[in-house]
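Have a look at the structure below before the remarks.
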């Protein structure tokens, strides 16, 4: 990590072997260029292999919560249902509806979301 000690803007330098060297990143979004999925919570954009696959123009709290959970867990293939309980609503049905909406807005088939078969988790697949 390289930090400047003068008045110039600070940035970090990260080594990404798949890109053959060093990549400077600050708020330029270099992480979106990494292989695999990346959820930019501030811009509310989902990328896969650097390609924008979903952009939210309105809030979608449940979908965004799932994407944030995957991002926080470094895109492990499966996460537990991150949705908080909602009185009078079946959790498995709510998760199913959220996954359906998440998939319906994808611009490509590079990534897909699925239930894990237990009604208590979400999986993602590529391809």
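The values are calculated or read from the model by the stated rules, or taken from the named source; none is laboratory data. As the structure is a prediction and not an experimental result, all values here were calculated from the model. Positions of Cβ are backbone-derived with ideal geometry, glycine not excepted, and every protein chain shown enters the neighbour counts.
Listing for the model above:
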quantity	calculated
Test for residue 63: is it surrounded by 14 or more Cβ atoms within 10 Å (Cβ to Cβ) and under 14 Å from the mean Cα position of the chain (by Cα)	yes
Any hit, the range 11-24, residues being farther than 16 Å from residue 113 by Cβ, modelled with pLDDT under 95 and assigned to a loop (DSSP other than H, G, I, E, B)	yes
Residue list for the range 73-96, filter: on the phi > 0 side of the Ramachandran plot and at pLDDT below 95	none
